[in-house]
Amino acid sequence: MGERARERGWCVVPRNAAALAGIGIALVACSSSGTATVDAGPHGVVHDGGVDAHALGDARPSKDAHDARPASDAPSVKDAHSPGDTMTESSAKDASIADAGPDNPCLPFTMPAADALFGSSKKVFAHYFYPFPLSEDNQPSATDYYNEQYLTTTGESDKWIKQGGYLRQRPLPVPIGAPATYQIDNMKREVELAIAGGITGFTIDVLGASQANAGSQLANLLTAAAAVDSRFRIVVMPDLSALSEADAGGEASEVEAIIASVASSPAAYRLGDGRLVVSSFYAELQPPSWWTTVLQNLAGRGINVAFVPVFLNYAANQAAFTPISYGLSLWGTATPGAATSTQALPGPAHTAGEIFMMPILSQQYRPKDFLYWESGNSETLRDAWTSAIQGGADWTQIVTWSDFSESGEIEPFTDSTLAPDIGTGYYDVNAYYASWFLTGQAPTITNDVLYYFYRREPTSAVAPAQAQATTVQGGTVAENDIELLAFLKAPGTLTITVGGQTSTQAAPAGITSLKMALQPGTPTFTLARGGASIVSLQGGIEIYGDGGLPSGVLDLTYWSGSASASGTCALTVP
């Protein structure tokens, strides 16, 4: 296991300091000053909304989705972006801690030792979508493919001009790497980030038959995982929405080849009895009889499979697939109601002799399709983990690690400014619940941490640079709130201030969600105790009103960041 992952990947460095040899948390002190919901139980906020009858999200991108970008062989200078570039004027009071190790002050708890997480009988997988690596082209981040093509209205020869651009977020910047190895090196960074966040493996969405070849993203991820930590497992997941062929026999041959290509890898996940764990996205696109033939053909080659299909329509398919499956799963929907409703699913699966893999979603916004699902700030993520923990799920699949086209990535993210402190909240909060799920014990809150989640404009904002309106899905209504999610080691008073308006709530020890209506300005978030300010945080994103962004492009991303008493948290990836 690499040093970064072994030490939980965290170090606290002064602003503008050189990157340390690890995943860095840069802390700087910041000054900052509806209705509140206090978690009714230990798992998360209880919701009164109706149950979403597992109305699942749309299928994945088709074959013409961006599979990979050609890499430039020309080395370039290292991106000189500094975490200090986006901080507030009060960041002069820099905190400096040489190495925080597992006691990361940007988390409200001490991460359990890696042995405890990997030794759990439960598993936390994150869905790896390889079209969006840390770097597409090994160029300086400020002028790389993400910034100049994906995040611009006219990128890729105006391909996404109607949508105002392909993406709204991107991965955190990484240094320029060696041309021959940067792809695997960046995958190692992702594995280390995942481990540091309590994730024990990746399910990898396989979009094409060429992934069975040496040098593919699938092969490289297996290599990277084995190099970082032999306990971090990869589950191959052929994507039938992308692999579908007119000839079912041809498609079967492709799927068999993809699965066979991972069978000898030490990073591929196998059960104690030696069976290779295999999943499939949108498995119901082929009937159980087709899958039976595929599994039998693989067994004839000495590859015995434990099959865990992922359905878009769980209710219509779980019974038919149970006889050929080791476990069952569904893709899920990024709404609080859907996340809550899945709590009822593990029990019947267990009765049928199956394990259950619970979907964990944070948000879902697809600029390319003019669609979004209302996730209610951090509610969907917390409710999904509530369902996994209280429902007795065996495994979880975080949807996703890296699909930036659907905005559901748990991987830390940023925008074209490369700010390191505006897309870390979901990643950090997820670590708390993942640790709970894996250890079976709620982590003790030992550190006051404030997280924010909000959009940079209301859902009603005008977007003249786009060809059509973006509509809400999933049977929900749009919400336009600012959320302060507080993890408190003792009672305190929470405050959100923006646009001359203030919302205040007395909060007990534990987890409290305070919300107030979204309005123009840059919000500040504070925790006070005994009349003294304990944590003060200014949001990293300015909020615009119904007139929209200056760009004329709609952005419905929930941006997120955090602070503790040590200062504002910013994540860098050396």
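What the table shows:
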read-out: Net length gained if the chain between Thr446 and Ala113 were fully extended (0.36 nm per residue, minus Cα distance); value: 118.3 nm
read-out: Derived scalar couplings ³J(HN,Hα) [segment 137-144; Karplus, 6.51 cos²θ - 1.76 cosθ + 1.60; whole Hz; x for Gly, Pro]; value: 9, 6, 10, x, 4, 5, 10, 7
read-out: Over 31 Å (Cα to Cα) - which of Lys368/Lys489; Lys122/Lys489; Lys122/Lys159; Lys188/Lys368 fall in this group; value: Lys368/Lys489; Lys122/Lys159
read-out: Mean Cβ neighbour count within 10 Å, used as a protection proxy, ranking 451-459, 538-546, 199-207 highest first; value: 199-207, 451-459, 538-546
read-out: Mean Cβ count within 10 Å, highest first, over the residues of peptides 255-267, 342-354, 373-385, 551-563; value: 373-385, 551-563, 255-267, 342-354
read-out: Ordering of 488-495, 303-310, 396-403 by burial proxy (mean other Cβ atoms within 10 Å per residue, highest first); value: 396-403, 303-310, 488-495
read-out: Phi-based couplings in Hz for segment 559-572 (Karplus 6.51, -1.76, 1.60; Gly and Pro marked x); value: 7, 8, x, 7, 7, 10, 4, 6, x, 6, 8, 9, 9, 10
read-out: For segment 473-485, Karplus couplings with θ = phi - 60° (6.51, -1.76, 1.60), whole Hz, Gly/Pro x; value: 10, x, x, 10, 10, 5, 10, 10, 10, 9, 10, 10, 9
read-out: Charged-residue dipole, Cβ positions (Lys, Arg, Asp, Glu), segment 382-517 about Cα centre, Debye nearest 20; value: 380 debye
read-out: Net lengthening on full extension, Ala528/Glu542 (0.36 nm per residue, minus Cα-Cα); value: 2.7 nm
read-out: Summed side-chain charge close to Glu483 - residues other than Glu483 whose Cβ falls under 11 Å, Lys, Arg +1, Asp, Glu -1; value: 0
read-out: Selection from Val477, Phe437, Ala490 lying farthest towards where the dipole of segment 370-512 points positive, charges on Cβ; value: Ala490
read-out: Net length gained if the chain between Arg275 and Thr154 were fully extended (0.36 nm per residue, minus Cα distance); value: 38.8 nm
read-out: Built amide H within the under 5 Å cut-off of Ala306, gap 5+; value: Leu276, Val277, Val278
read-out: For a label point 7 Å along the Cα-to-beta-carbon line of Thr504, residues of segment 512-549 with backbone N under 11 Å; value: 528, 531
read-out: Student exercise, segment 350-404 dipole from Lys, Arg, Asp, Glu Cβ charges, in Debye to nearest 20; value: 120 debye
read-out: Nearest-20 debye value, segment 232-350 charge dipole, Cβ charges on Lys, Arg, Asp, Glu; value: 460 debye
read-out: Under-5 Å amide H pairs with Gln364, H placed in peptide plane, nonlocal only; value: Trp373, Ser375
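Every read-out reported here was derived from the displayed coordinates using simple, explicitly stated rules and does not represent laboratory data. In this text, all values refer to a predicted model and were calculated from it rather than measured experimentally. Counting neighbours? That spans all protein chains shown, and the Cβs are built from the backbone with ideal geometry, glycine included.
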